[in-house]
Amino acid sequence: MTSITVYDGATTIGGNKIYVEEKGRGVFLDFGMNFAKYGEFFEEFLSERSPRGIHDLIHLNLIPKLNIYRKDLIPIDLDVSSFPSLNVEAVLLSHAHLDHCGNIGLLDARIPIIASPISIALLKAMLDSSPSKIRSEIAYYSEKILGEDPRILRSGKTDIGRKFVCIANYSEDLINFLSLSVKSTKKLEPGDVCELNEYSTPFEIRAFEVDHSIYGANAYILYGDTAIAYTGDFRLHGKNAEKSKEFVRNAKDASVLIIEGTRAEREDVNESEDIVFRNCLKVVEESKGLVIADFSPRNFERLETFLDIAKKVGRQLVITAKDAYMLHAIECADGVCRMKDMLIYNELRATRNKWEDIVMSKWGDNYVDPADISKEPEKYILCFSFYDMKHLLDIKPSSGAYIYSSSEAFTEEQVFDFQRLHRWLEHFNFRIYGFEVVVEGKKLKPRFVKGYHASGHASKSDLRWVIEAVDPDVVIPVHTENPEWFIENFENVVVLRDGENLEV
Ligand SMILES: [Zn+2]
């Protein structure tokens, strides 16, 4: 008998926390941050307080009420002893997007993360290059100590690496990268790393690479009393579609399919990485001045798409130092250097972070100054997004093209950002592709133009194809705002909301 409990992520896009247990031993499939739930209470300048550990998250029901968290994150005025404790032996991470990994750092430090070498490297690089808050402490964490007032937790002086179990063999470079401390005053004690076949797990676990909008994404099949397949996030319309199909072929012996349904509520549109390539190429070919490509950080496949475009038209692709650090991390995992045909934007700033010293020492010759871009803007494609608009004040372009190649805005705050982005682009005389701003009841609103972005998620017709091909006894939809679509379209659909459980 196998028990499956979906603690979170059944009816929202992301926040997946799925617990699978057999004979009292279990694993979590992802332990992500639920942005929809966080957003009900928090915004940029109002967030959970790190010195209060998990207190705020428990009280606002943003993480499940379970006794599975790090002991050092529990202040004196929070009692978790009455919450159920689970025998969690590992977290299987599907990929390094925060809605899948963002709450792992809160889990009891003895629980290892099972993941691909690339995901592990990205978790480390993401934390290295962001301010330490408890919500980002996944790859390593600083053990908290009770303050003089024991309701307040203070940070220790040493960072401790979490234990990782690699689904594939790992390199010495990855180990060195995980041991490297880049936080100014802190030491880093690296955690253990081993391979999946050296590690005892409650289930036999097989990992499959799948196509998604980040490298290192995996689906899993767990074999115990029954076989359970978990898609993570995936798609069938990117360059690595074949890999997703290989997983589907192997999932045919699974009796339970846990499947993402991000696009279950949207109409299918014909989109692919290839269509994005062709449309963006046309824009760049027709543009005379500076070109800016705006896509999500860590969408490396889109980065490759723009690199191909740049090569084809004889321009140079310029990325930010942070992007370069991510590429350094991935290189530590898979040994492939992706920097050789790219330049790094030289930000005008007073101080540099320690992680950027690594980028500088490795690729110092690849830096390009805003003054050089200013002289010959037609030679470059800049990979910038809204938050990089300030750098245009140093480049001072007289005109250009801006390609928005990312997902549509959903929240009110994102809509405001688009109004500001539009103002910046207007100021510098840019032509905009991928979105336009329209007046709606005296207010400006973004309207998105298809063809410049392809989703990281499977379309409805692809979801249907996967479910029919796997033909499981039970379908459990997650990562969707529309579980009803699954109920209406397939037999044997079970929606497990907020801690509901199924025995198979
Ligand atoms: Zn994702």
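The values are calculated or read from the model by the stated rules, or taken from the named source; none is laboratory data. Quick caveat: nothing in here was measured; it's all calculated off a predicted structure. Virtual Cβ from ideal backbone geometry, glycine too; neighbours counted across all protein chains shown.
Annotations
- Cβ pairs under 8 Å, 6+ apart, first in segment 90-116 and closer than 11 Å to Gly232 by Cα and among the hydroxyl-bearing types (Ser, Thr, Tyr), second outside any loop (DSSP other than H, G, I, E, B) and more than 11 Å from the ligand (Cβ to nearest atom): Ser94/Leu29; Ser94/Asn218; Ser94/Ala219; Ser94/Tyr220; Ser94/Tyr230
- Pairs, first within 16 Å of Gly289 (Cβ to Cβ) and basic (Lys, Arg) in segment 382-399, second at pLDDT 95 or above and surrounded by 14 or more Cβ atoms within 10 Å (Cβ to Cβ), C-beta under 9 Å, six or more apart: Lys396/Pro370; Lys396/Ser374; Lys396/Phe428
- Restricting segment 129-175 to residues that are among the acidic types (Asp, Glu) and at pLDDT 95 or above leaves a set whose member that is nearest to the chain's Cα centre (by Cα) is Asp173.
- Boolean, Tyr140 is among the hydroxyl-bearing types (Ser, Thr, Tyr), away from the ligand (no atom under 16 Å from the Cβ) and touching a helix residue (DSSP H, G or I) at 6+ places or on another chain (Cβ under 7 Å): yes
- Annotation note: Cβ proximity below 6 Å between a residue of segment 173-193 that is more than 16 Å from Glu137 (Cα to Cα) and a residue that is among the acidic types (Asp, Glu) (sequence gap 6+ or interchain) occurs for no pair.
- Of the candidates Ala96, Ala109, Ala90, Ala125, the single residue that is in a helix (DSSP H, G or I) and either closer than 15 Å to Asp8 by Cβ or of a type in the set (Gly, Ala, Ser) (or both) is Ala125.
- Sole residue being under 21 Å from the mean Cα position of the chain (by Cα), within 25 Å of Arg25 (Cα to Cα), touching a residue at least 12 places away in the same chain (Cβ under 8 Å) and within 15 Å of the ligand (Cβ to nearest atom), chosen from Tyr220, Tyr215: Tyr220
- Residue in segment 114-122 that is part of a strand (DSSP E or B), within 16 Å of the ligand (Cβ to nearest atom) and in the same structural domain as Gly224 (by TED's automatic domain parsing) present: yes
- Leading residue by the ranking (nearest to Leu222 (Cα to Cα)) among those in segment 22-36 that are surrounded by fewer than 23 Cβ atoms within 10 Å (Cβ to Cβ) and among the charged types (D, E, K, R): Glu22
- Applying the criterion of being without any contact (Cβ under 8 Å) to a residue 60 or more places away in the chain and under 30 Å from Thr5 (Cβ atoms) to the residues of segment 426-475, the residue that is nearest to the ligand (Cβ to nearest atom) is Arg464.
- Enumeration of residues in segment 223-237 that are crowded, with 24+ Cβ neighbours inside 10 Å and either assigned to a helix (DSSP H, G or I) or within 16 Å of the ligand (Cβ to nearest atom) (or both): Tyr230, Thr231, Gly232, Asp233, Phe234, Arg235
- Within segment 133-167, considering residues that are of a type outside the set (A, V, I, L, M, F, W, C), touching a residue at least 60 places away in the same chain (Cβ under 8 Å) and part of a loop (DSSP other than H, G, I, E, B), the one nearest to Trp355 (Cα to Cα): Lys133
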